[in-house]
DNA sequence: CTCCGTGCAAAAGGTTTGCACTGGT
DNA sequence: ACCAGTGCAAACCTTTTGCACGGAG
């Protein structure tokens with residue numbers, strides 16, 4: 001058994017559970033992503049995996065990452081779609097994201113405005129924001145669970 | 001004095017303070033963005049402002065939003081550059097973002113793992129994550145304040 | 001008067017799509 | 001054998017850049 005197989009196993013189990021076929025390409029992407037802590041872009045994964053899997057296309061890496069994320073095997077990070085969004089409010093506040101319609105709501109909650117920044121990271125922290133993910137009232141009405 | 005001028009004033013004051021010229025275009029963008037709560041993209045602002053300011057170009061809207069954000073007059077929302085990023089970790093954890101080099105670090109902090117979700121929003125909340133912004137150790141060393 | 005800010009056009013990313021083929025299950 | 005998944009190429013969308021002109025300070 002190769003060195004990374006133990007690390008890969010939970011991911012593959014999750015794929016089977018979700019009915020995602022375990023193709024050579026999916027395994028290769030997972031094997032590359034699993035140990036990484038740098039939150040790579042699709043392109044970075046492609047650059048890193050590509051050479052090891054002859055014929056692997058960039059498109060496939062995009063599709064594999066997308067399907068894995070939709071199935072909950074991996075996660076997309078800090079991103080609300082492809083385009084940058086702007087907010088006229090500069091003071092500290094937090095956000096509610098609808099995972100279905102991508103709507104973003106501001107929320108005020110004094111309890112969230114006094115979180116302690118983590119220490120020992122060497123970072124000089126200037127601000128923070130909490131992002132809640134969920135389904136908005138409209139989407140819940142349209143497609144109840 | 002028109003209806004929105006009171007709303008606009010703090011933004012314009014901030015522009016003067018930061019040395020940003022108050023052009024017709026900047027005023028138009030600010031006037032459009034100021035009352036909005038939907039976190040629009042640059043294109044959405046352009047669609048909405050464009051018709052009112054003949055000759056206003058899309059490029060300018062991008063540049064105006066960028067300069068306003070860099071000056072701290074408005075804010076960019078939940079976005080780490082243009083490309084989507086992926087994380088192999090699906091369990092709850094939080095992030096440290098370097099605003100200079102765009103590096104993203106995972107952080108573990110049990111104190112952050114038990115935040116109360118806001119109530120009364122009608123959202124069905126499934127998860128959340130805290131994003132801290134700051135300057136990483138490397139960037140602090142390279143360009144100390 | 002001097003630059004910063006702008007418009008236009010073109011390029012540079014990043015991502016998605018149509019279609020035919022192939023390989024998991 | 002069936003259908004999900006793939007490769008390729010082209011389209012698409014968002015953002016950036018070069019250059020010349022014009023208006024705010």
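Readers should treat all values here as calculations from the given coordinates under stated rules, not as data from a laboratory. What you see is a predicted model; the values in this text were computed from it and never measured. Every residue, glycine as well, gets a Cβ built from its backbone with ideal geometry; the counts of neighbours run over all protein chains shown.
Contact order, relative form, for chain A: 17 percent (alpha carbon pairs under 8 Å, 6 or more residues apart, mean separation divided by residue count).
To the nearest 0.05, what FRET efficiency results for residue A:121 and residue B:52 with a Förster distance of 45 Å applied to their C-beta separation? Once the sixth-power term is evaluated, E becomes 0.45. Placing a label point 7 Å from the Cα of residue B:89 along the Cα-to-Cβ direction, the distances to the matching points in the other copies come to 2.8 nm, shortest first.
For chain B, set up a GNM with springs between Cα atoms under 10 Å and report which of B:70, B:133, B:116 has the largest fluctuation. Residue with maximal mean-square fluctuation among B:70, B:133, B:116: B:116. For the range A:33-145, a/c is not less than 1.5, where a ≥ b ≥ c are the root eigenvalues of the C-alpha gyration tensor, and a/b does not top b/c. That puts it in the oblate class.
Mean per-residue shielding of peptide A:100-111 is 3, counting Cβ atoms of other chains within 10 Å of each Cβ. Where does helix B:24-33 land angle-wise versus the long Cα axis of chain B, in degrees 0 to 90, nearest 10? The two axes meet at around 50 degrees.
Taking chain A as a Gaussian network of alpha-carbon nodes connected by springs under 10 Å, the highest mean-square fluctuation of the residues A:23, A:119, A:82 belongs to A:119. With its label point put 7 Å out from Cα toward Cβ, residue B:138 sits 4.1 nm from the same residue's point in the other copies, in order from shortest. Looking only at the protein assembly as shown, where both bridge partners belong to it, what percent of the DSSP beta bridges are antiparallel (to the nearest 5)? About 75 percent, rounded to the nearest 5.
Rounded to the nearest 10 degrees, the inclination of helix A:5-18 to the longest alpha-carbon principal axis of chain A is 70 degrees. A straight line joining the Cα centroids of the range A:33-101 and the range B:103-121 runs 20 Å.
For the peptide B:67-79, the mean number of other protein chain Cβ atoms found within 10 angstrom of a residue's Cβ is 5. Residues considered: B:21, B:71, B:83. Largest GNM mean-square fluctuation over chain B, using C-alpha springs under 10 Å, is found at B:83. For chain A, give the share of DSSP beta bridges that are antiparallel, in percent and rounded to the nearest 5; count only bridges with both residues there. DSSP beta bridges in chain A are roughly 50 percent antiparallel.
Taking the helices alone, chain B has a mean residue ellipticity at 222 nm of -10500 deg cm²/dmol, built from -39,500 (n - 2.57) per DSSP H run of at least 4 residues and averaged over all its residues.
Geometric descriptor of the protein assembly as shown, per residue, is 189 Å³ (volume of the convex hull of the Cα atoms). Remark: spin-label model distance residue A:9-residue A:62 equals 3.6 nm, labels positioned 7 Å along the Cα→Cβ axis. Ascending distances from the residue A:122 label point to its copies in the other chains, with the point 7 Å along the Cα-to-beta-carbon line: 4.7 nm.
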